[in-house]
Amino acid sequence: MSGSPGEGDGNLGPSRAAWRARRGPAGRALLEADERLFLRQILSTPCLEAVVGAEGPWLVTADGARILDFHGNSVHQLGHGHPAVVAAVVEALRTLPFCPRRYTNPWAVRLAEALCGAVPGGPWKLLLAPSGSVAVGMALKLARYATGRPGFVAFEGSFHGAGMDAASVSGEPLFRDGLGPLLPGVRFLPPPTRGPCRFDCRDEEHTGCTDALADLLARTSDIGALIAEPVRWTTVELPPEGYWQRVREICDRFGVLLILDEIPSALARTGSLFVHTRFGIRPDILVLGKGLGGGIWPQAAMLARAELDLAADKALGHYTHEKSPAGSAAALATLQVIEREGLCARAQRLGNLLRTRLEALRSRHPLIAAVRGLGLMLGVELRRADGAPAATEADRVLYAALERGLSFKIGGGNVLTLCPPITIDEVELERAVAILDEALGEAAGSGRS
């Protein structure tokens, strides 16, 4: 399978071309216009489908097909078009469609109060931003100002955004290869995952990895911060037991700030409002985005310990849409819906149900090597009988599922990442499992033919 990058499923191979050829006339017309007008790039062009509607867990295509969205670009914890978020955005647009820079507004202040009050271990202060990648850039700036050190530790295979600064601390080759000089002074270590690593860790805690981090910080004097995803989103990799507590202690020992990127994984997805609380640690800087806008408005935030408010004479994130009334209204409504509808507990309950169903599929489909996850963030790893990653088979499963009305993402070439809206009902969840069951059977049968 060509064009199968680590961050997502490939879009350059024959499977995508064959899928496109089978679209209906309305969808094909939009897809062809899209490809003619937009610059091509991996992961995006040619597009999968032309979508004209969305509600709850469903996407509606130009040709009238309905697709259960278990991908959603990690923005749809509340589903598509949650009425409370729509109403909040509409009201803000009617009242204050834009807030010029250097001014504040009630929506931005209320959101700041809600976010700073929701993250344990305060006091916190924040900056708002129009995208997660931009918020990561602000975090990197603040870390440099706060420590006076330009270097960063990041992780192999990680992703923190597509901007040049965020790409510099991303270990995903797709977003950095061939770009030339990026931010200097970034050191990469193996990601916090279970199983084999290049330090040949023999214990479940992977103390070799954290020992390597301590050794690196002891040998270098220019590293000011470590940036990481608490859980690797693309392949749903869970950290070893006690890993983050050891990293927190090491960072404190060497005066290194800990930046946690929870852009795709926070806001109830894993069964808690913020992921780091599941590991019993507190970051120095926390970055949020994606689902913060309720799946409706681009909204991100960078929160920092209040004592890091020490760059008053610098510009950390002086962006035109910094304090968007509509974005702030969407985010505030999102937090209110999560609390009112008990979505943290719901994500945990439905995640346990989905994981049980996926383990049952594993017993029937030899392609499934592992099922892992937290809450409604699950990964199904596919491997062949010889243990090799089943990338071609994963591609077949993707398109077989799409034909039946289920969309998800492939991470790392062979991991089906399943992240439905937390508001999905059990009937729809069971329908998705049935589709995946059929798609796995079809993919295995195609491989034998």
What number of residues in the stretch 328-348 are basic (Lys, Arg) and exposed (fewer than 15 other Cβ atoms within 10 Å of the Cβ)? 1
Report whether or not residue 273 is open to solvent by 20 Å² or more (accessible area, probe 1.4 Å), closer than 23 Å to residue 71 by Cα and at pLDDT below 95. no
Sole residue being in contact (Cβ under 8 Å) with a residue 40 or more places away in the chain, open to solvent by 40 Å² or more (accessible area, probe 1.4 Å) and over 18 Å from residue 288 (Cα atoms), chosen from 110, 66, 94, 102: 66
May I ask you to list the residues in the stretch 229-250 that are of a type outside the set (Val, Ile, Thr), touching a helix residue (DSSP H, G or I) at 6+ places or on another chain (Cβ under 8 Å) and either surrounded by 23 or more Cβ atoms within 10 Å (Cβ to Cβ) or under 23 Å from residue 375 (Cβ atoms) (or both)? 230, 233, 239, 240, 243, 244, 245
Of the numbered conditions (1) surrounded by fewer than 19 Cβ atoms within 10 Å (Cβ to Cβ); (2) in a loop (DSSP other than H, G, I, E, B), residue 187 satisfies every one except a single condition; which is it? (2)
Quick check on my filter: what residues within the stretch 325-356 are within 23 Å of the chain's Cα centre (by Cα) and of a type in the set (Lys, Arg)? 346, 349, 355
I'm checking my understanding of the structure. Among residues of the stretch 28-62 that are open to solvent by 40 Å² or more (accessible area, probe 1.4 Å), under 30 Å from residue 354 (Cα atoms) and of a type outside the set (A, V, I, L, M, F, W, C), which one is modelled with the highest pLDDT? 55
How many residues of the stretch 410-449 are surrounded by fewer than 17 Cβ atoms within 10 Å (Cβ to Cβ) and among the β-branched types (Val, Ile, Thr)? The answer is 1
For the stretch 212-227, what are the residues that are in contact (Cβ under 8 Å) with a residue 12 or more places away in the chain and in a helix (DSSP H, G or I)? 212, 213, 214, 216, 217, 218
Go through (1) at pLDDT 95 or above; (2) outside any loop (DSSP other than H, G, I, E, B) and name the single condition residue 165 misses. (1)
Lone qualifier among 32, 91, 55 - being in contact with a strand residue (DSSP E or B) (Cβ under 8 Å, 6 or more places away or on another chain) and among the acidic types (Asp, Glu): 55
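The values are calculated or read from the model by the stated rules, or taken from the named source; none is laboratory data. Keep in mind that this is a model prediction, so the values were computed, not measured. In this analysis, Cβ positions are derived from the backbone assuming ideal geometry, glycine residues included, and neighbour counts consider all displayed protein chains. The protein model used for the area step is the full one, side chains on, heavy atoms only, and it has no ligands, DNA or RNA in it. Shrake-Rupley method; radii C 1.70, N 1.55, O 1.52, S 1.80 Å.
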